[in-house]
Structures are given as C-alpha cells and as structure tokens.
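Trainee: I'd like to ask you about the structure that follows.
The values are calculated or read from the model by the stated rules, or taken from the named source; none is laboratory data. Worth saying up front: this structure is predicted, and the values here are computed from it rather than measured. Heads up, the Cβs are rebuilt from the backbone with ideal geometry, glycines too, and the neighbour counts pull from every protein chain shown. Ligands, DNA and RNA are stripped out before the accessible areas are found, and what is left, the full protein with its side chains, is counted by its heavy atoms. Shrake-Rupley method; radii C 1.70, N 1.55, O 1.52, S 1.80 Å.
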Amino acid sequence: MPASCEMGESDLSRAPSIVTAGRATHGERPVERYRFDDIWCLHLYRYRFTLEIDGRRHRVAAGTVRLLPPGLGLVFRYPRVGCRHHYCLFTLERPRRGVVAERATYPTMIGVDTLPSEFARLFDRVVDEQAGRATRARAALWEMLWQLTDDRHAERVATSDPAEVVAMQVR
C-alpha cells in the first residue's frame, strides 16, 4: 500500500444504521458544503472532482470509494452539471457494556476496481432496499464495510497519484 495512504479505524461489532442512501446528481451548484457531526459518509464516485476535507484539498478520481467518519468539514467542487454518485449516510453504534469492540482498519479512499466485484451491486442493494427491506439494506452496508477492511483489498489501493489519497488520521 502506498505510504501516503491514510487508514481509518472503526468498530464493526454491531451493524450500522442507515440514515439515508441514494444516487445523487450534483453540479448545478459548483460548490457544496457539508458537515455531518454524528454521521459516517460512504460514497462511490463516477466522476473526477476536488474535495476539501477540513480545509485540505484533494483530487478524487472516477471509480473512487470514499469512507469518511463523522465531524469533518466537506467542500465539494464539481467540474460540471450531471456528476452522479452513490451515497450512504449511516451511524455506527458504540458497543454495549460487556461487548468486545471489533476494531477494523480501512483505507479512507480506495478504487472500486480493487474491491470484490459485488461491491457496486451491494451499494445498489443498500440504495434500492433501504425503504422496503431495511434489514437487508443494513446487512448489505455492513458487508460493504467489512469488504473495505479486508487487507487483501486494502493492499491494492488504486491511485496513480499519491496526492489523490487523503492525508488525515481518522479515529
């Protein structure tokens, strides 16, 4: 894995709870700002753009999966109208007393082509089934998060430019 690739850590001992998920199209407003204090963000981008995370600017390539923890200031700079991506906003519960935390380390950014082929299909399941079959959607998201933590895939982080990889410590 490139030395510049930052890793994050989360507790996956309990299934995530989906706040919302969908397919979004952006770019009518060239700049959008977000901050999710208690919500994790998982995205699969289909376009190139610039993302600022807590004031640090990063280039993001098409086909990138990004997992960001709560509490970060995000500024999206879209190159055009019609920028489409999948997103899922979710929470991770803290383990209950007496439950051992299952710490998992993940790359904060990875190319979808380095993940199992079903990753994008699982993302479709999360989006399509969140309203009517919420438990299945939650299970699909949990599997996606476990796939992101799999060392076999994390070792193949896809980036041709190490500057495209987020340089931040996530806890």
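Trainee: Could you check the simple spin-label distance between Asp37 and Trp146, using points 7 Å along Cα→Cβ, in nm with one decimal?
Mentor: 3.3
Trainee: Probe of 1.4 angstrom, ligands and nucleic acids ignored: what's the accessible area per residue over segment 12-54, in square angstrom?
Mentor: 50
Trainee: Kindly write out, for segment 139-147 in residue order, the coupling ³J(HN,Hα) from the Karplus curve 6.51 cos²θ - 1.76 cosθ + 1.60 (θ = phi - 60°), rounded to whole Hz, with x marking Gly and Pro.
Mentor: Per-residue couplings from phi come out as 5, 5, 5, 4, 4, 4, 5, 5, 4 Hz.
Trainee: Return the long-range amide H neighbours of Gly73 (sequence gap of 5 or more, or a different chain), with a cut-off of under 5 Å between placed amide H atoms.
Mentor: Under 5 Å from the amide H of Gly73: Asp54.
Trainee: What's the carbon and sulfur percent of segment 17-74's accessible surface, probe 1.4 angstrom, rounded to a whole number?
Mentor: So the carbon and sulfur contribution to the accessible surface is 45 percent.
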